[in-house]
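Worksheet: one structure, shown below.
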Amino acid sequence: MKLTGREKYELFGEGVITVILLLLLNLSVFILIDSALKSNPALSNAVFMVKNSITIGGVQIWSYQKIFILIMFLADAEVLYWRLERRYKQMQLRHIIAELHYIANGHFDHRIPFELSGDHQRVVDSVNSLVDSVISSMEEERALKQSKDDLITNVSHDLRTPLTSIIGYLRLIEDRQFKNEDDILKYTHTAYLKSIQMKSLVEDLFEYTKVSQSNPHLTINTINVDSMLQQLAASFELEAKQKHFVITSQCTPKDLEITGDAEKIGRVFNNLITNALKYGNGGKNIFLSAKQINDTVIFEVANDGEKVPAEALGKLFDRFYRVEGSRSKATGGTGLGLAIAQSIVEMHNGTIEAHSNDKRTSFVIQLPLHQPVSKDLP
C-alpha cells in the first residue's frame, strides 16, 4: 500500500515527536538516578562494586552511564518502532475503510487492491470475497427474476394460442356459422385437440415446477435397470412402429441395479424417448443402453435421425426451447420435456448431456449407483 505525501509527513512527524519525548524521558530518568546516587553513598558504593565486576569482551565497564545509555537506546528503538508500526497500521485501516465506503456507494466492480500483511490482509481478502459473494447473489437474483419473467411470458404465449383457437371455433358454433353437422364435428374436434395441447402444457408445467423445488421429495427404490429399459421399449413399441422406428435396449451387466425414485427416473426416459420420436426425423432406430463404470451408471438414449444443429445443443435443456425455432406446435412439444429431465437427473446427483453428429444424436446420463439415504425423507 502506497502512502500519500500527507501520510508520509504525518508518519515522519510521529517519529520526531516520539524521539523528542523519549529523549526527555531518558534525561529525566538519568537525572533521577544520578541524584539518588549522589545522595546515598551506600548505593553509590554498591553500584561501584557491581560496575567493577562487569566486563564485556575483557574490557571493564567503568561508567554506569554507558550501560544506561545502551539500555535506554534499545528501549527507545523498540518504543519508536512500535509507535510507527501502530500508526502505519492505522493508516492502512483508514485506507481499507475508505475503499469500503467507495464500494458501498455502488462501485461493486471495484476490489481492494492492497497487498498487506497479517490481520489486515485477512480483512482485505474477506472484504473482497464478501463483495464477490454479494455480486454473485445479485446476479443470481437478477437471473431468477428474468427466468420467472420468461416463464410467465412463455406460458402466457403457449396458453393463449390454443385458447384463442378454442374460443374461435366455439364462437363459430355459438353463432351458428356452420352449414351442417360435419362442420360442427370439425370445429369441436379442432377445439378438442387444442384442449389436449393445453392440458399437456399445464401438466408439464406442473411437473417442472414440482421437480424444480429447492427441497424435492424422492422416494428411493431399488431399480433393476435391464427390466426398466425393456419395459420402456415395450411401452413405446406401438407409437414407434407407427413412426417407423425400432427401439432396442441393452444393459451391462444384466443384473445391474441402482437406487432412485423409479417414477421420476421413468419420467426422464419417457421424455427422452418421446423427444426422439418427435424430432428424430429420418431415423429408424432408438437405442436405450446402460453400463456400470465403478460407482456410476451411464445411460444413453440415442437415435439415428437428423443431426441437431451445434448452436441448438447448448439450449436443449432451456425451458420452452424447441429446435425448430418457431412457436408452432406441429410437433406437439411444449419445450419443457428436456428441462424436466435435467431437473430430475440433478435431483439424483447426476448429469445429463446432449451430443449430435451426422450419424447419431444421443443424450448421456450419469447417475450414482446408490442415492444418499437422506433423499428418502420428505
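The values are calculated or read from the model by the stated rules, or taken from the named source; none is laboratory data. Predicted model, so just to flag it, every value in this text is computed and none were measured. For neighbour counting, all protein chains shown are included, and Cβ atoms are generated from backbone atoms with ideal geometry for every residue, glycine included. Ligands, DNA and RNA are stripped out before the accessible areas are found, and what is left, the full protein with its side chains, is counted by its heavy atoms. Shrake-Rupley method; radii C 1.70, N 1.55, O 1.52, S 1.80 Å.
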- Any idea what angle helix 225-235 forms with the longest principal axis of the chain, computed on alpha-carbon atoms, 0 to 90 degrees, nearest 10? 40 degrees
- Message: Just to be sure I understand: if I project the alpha-carbon convex hull of the stretch 243-308 onto a plane and average over all orientations, what area do I get in nm²?
- Response: 5.0 nm²
- Note on the structure: For the chain, dividing by residue count, accessible area per residue (probe 1.4 Å) in Å² works out to 63 Å²
- Query: Over the alpha carbons of the chain, what is the largest minus smallest coordinate on each principal axis, giving the biggest first in Å?
  - Reply: 138, 58, 42
- Query: Using a Gaussian network for the chain with springs between C-alpha atoms less than 10 Å apart, which of these wobbles most: V345, V134, V79?
  - Reply: V79
- Gain upon complete extension [E115, Q250; 0.36 nm per residue less C-alpha separation]: 42.7 nm
- Message: Can you give me the Kirkwood hydrodynamic radius for the stretch 78-142, using every pair of distinct Cα atoms, in Å to one decimal?
- Response: 13.2 Å
- Query: Per-residue ellipticity at 222 nm for the chain, helices alone: DSSP H runs ≥ 4 residues times -39500 (n - 2.57), over residue total, nearest 500 deg cm²/dmol?
  - Reply: -21000 deg cm²/dmol
- Message: Can you compute the modelled spin-label distance between N105 and T164, with each label point 7 Å from Cα toward Cβ, in nm?
- Response: 5.1 nm
- Task: Express the relative contact order of the chain as a whole percentage, based on alpha carbon pairs under 8 Å and six or more residues apart in sequence.
- Result: 12 percent
- Percentage of interatomic Cα-Cα distances in the stretch 162-300 larger than 23 Å: 56 percent
- Estimate the FRET efficiency between N270 and E174 by the formula 1/(1 + (r/R0)^6), using the beta-carbon distance for r and 51 Å for R0, to the nearest 0.05. 0.85
- Query: Within the set K210/K241; K291/K359; K264/K284; K254/K315; K241/K359, which residue pairs have Cα atoms separated by over 24 Å?
  - Reply: K210/K241; K264/K284; K254/K315
- Could you check how much of the accessible area of the stretch 142-195 is carbon and sulfur, as a whole percent, using a 1.4 Å probe? 56 percent
